[in-house]
1. Quick one: compute the contact order of region 258-371, relative version, from alpha carbon pairs under 8 angstrom and 6+ residues apart, as a percent.
2. Sort region 109-241 into rounded, prolate or oblate with this rule: let a ≥ b ≥ c be the square roots of the eigenvalues of the Cα gyration tensor; rounded if a/c is under 1.5, and if a/c is not under 1.5, prolate when a/b is larger than b/c, oblate otherwise.
3. What length, rounded to one decimal in nm, is gained on full extension from Thr275 through to Glu112, with 0.36 nm per residue of separation minus their alpha-carbon distance?
4. Charges on Cβ only, +1 for Lys and Arg, -1 for Asp and Glu, centred on the Cα centroid of region 237-312; of Gly262, Leu312, Ile246, which one is farthest towards the dipole's positive end?
5. Quickly rank 172-180, 320-328 as a protection proxy: mean count of other C-beta atoms within 10 Å, highest first.
6. Efficiency by 1/(1 + (r/R0)^6): what FRET value for Gln342 and Arg50, r their Cβ-Cβ distance, R0 = 25 Å, to the nearest 0.05?
7. Take the Cβ-Cβ distance between Leu292 and Glu322 as r, set R0 to 22 Å, and report the resulting FRET efficiency rounded to the nearest 0.05.
8. From the alpha carbon gyration tensor of region 165-282, can you work out the equivalent ellipsoid semi-axes (sqrt of 5 times each eigenvalue) and give them in Å, largest to smallest?
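The values are calculated or read from the model by the stated rules, or taken from the named source; none is laboratory data. Note that this is a predicted model, so its numbers are computed, not measured. Please note: Cβ atoms are built from the backbone with ideal geometry, for glycine as well, and neighbour counts cover all protein chains shown. Accessible surface areas use protein heavy atoms only, side chains included; no ligands, DNA or RNA. Shrake-Rupley method; radii C 1.70, N 1.55, O 1.52, S 1.80 Å.
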Amino acid sequence: MNPFKKKSLNEASELFAALDIGSSKVCCAIAKINDRPKGDSGTYDSGQMRVIGIGQQISKGIKGASIIDLEALEDSILNAVHSAEKMANHTISGIYVNLSAGCVVSHNLRAEIQLSSHAVDETHLRRLLNLSRDTSIPADRQIIHVLPLSYTLDDVRGIRDPRGMYGNKLSVMLHVVSAPIGIMKNLISCIGRCHLDIAGFVVAPYASGLSTLVEDELELGVTLIDMGGGTTTMASFAGENLINVINIPVGGAHITHDIARGLATPLAQAERLKTLYGTLITSSSDDGENILVSQMGEIHSAHTHQVPKKVLTHIIKSRVEEVFELISYHMKNSGVDPLVYQRIVITGGGSQLPGLLELATNILEKQVRLGQPTGLSGFSDIVTNPMFSTCAGLLQYGLQDYTGNQASRLSGNRLQLWHRLSNWVRENF
């Protein structure tokens, strides 16, 4: 059974699966629609999903957005999926997959058609979107998202949904996100080797935004900063749409490497020190507080030396300050409406460092808050953790597909598209 086959919303058995392939971890989550009685009418409220299975593995075989070891990544995916299936007591066949912002290109374009005084219908909207596909994307790239920003009907601008309206000329401003076909084929091949079908690709920061941003932020303008292991991503939203994506190739793994180099300790120990003692808050007591650090190359734990905690804090703070300086630079030079940078939401694993929000507020001089996933139940300690933002957003994207509320639903049948592309890869590679 394909869990993504359209069924009536009151079927509580409907399953959704998400696969977050990151540079530091691979996370699989399985959820079902959390049907519950709504009033006395006997109908059901399907607005929330309940996570019933989660699997997580160390990410291997991928660097940035590129696969460097197909078998290693396949093992990571299989182990994560198997753990989630075992916990959920369900077997999945289709899955929503994130795509790293490091490989995507996004831009705005305008398309226009003549109506001859007819009422706007679905056919006209599809013609606009197909026109954008034919004229805007190079042959070596695949469109991931086509997001209508606003329509113009004759001289009336800023229309959200023109269907049913009359006019002579209809135009649309679109935000198009695309990725290299080569990277797509490799991911499809790897996931196909895991006996999974792809229900859809979703750009990672877009998914994170779906799970962490509130309606007013999406409407008025906000920028989401997703601090991952290998990269930090900026995704700007306005008018309830994604309008810009910027990738910064620095993340939490770089902090770990800095600690390992600065304290001459193994990477595993550096990650442990970051987790246990990592902070951006300095205090006078740090001068007298020491931490034990294992030396690189020493097998026995007894061979340690003491390092002032302030040294560790300085190493971490220096790299985080660099990240926010780069973010500030991109804010000033992106060419995007500055209003989307007035409010900042930070999520991802790197957002959990103590003192990070205060440091971001000081450097960026903006209003900053922590972004945590919402709209999911089950395993509350995990599904509300900022590290789970992308996976949670993939599940919510799947629910929007299911209910027909996806903003880019007019861009074509993604499920059929990925099946066709998957079959093509299997037949030719």
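1. Numbers: 123 pairs, mean separation 29.0, N = 114.
It comes to 25 percent, rounded to a whole number.
2. oblate
3. Working: separation 163, 0.36 × 163 = 58.68 nm, distance 5.28 nm.
Between Thr275 and Glu112, full extension yields 53.4 nm more.
4. Highest projection toward the positive end goes to Gly262.
5. Values: 172-180: 21.6, 320-328: 18.4.
Listed from highest to lowest mean packing, they are 172-180, 320-328.
6. On the way: r = 35 Å, r/R0 = 1.40.
Efficiency, rounded to the nearest 0.05: 0.10.
7. It comes out at approximately 0.20.
8. Working: eigenvalues 267, 102, 29 Å².
Ellipsoid semi-axes (Å, largest first): 37, 23, 12.
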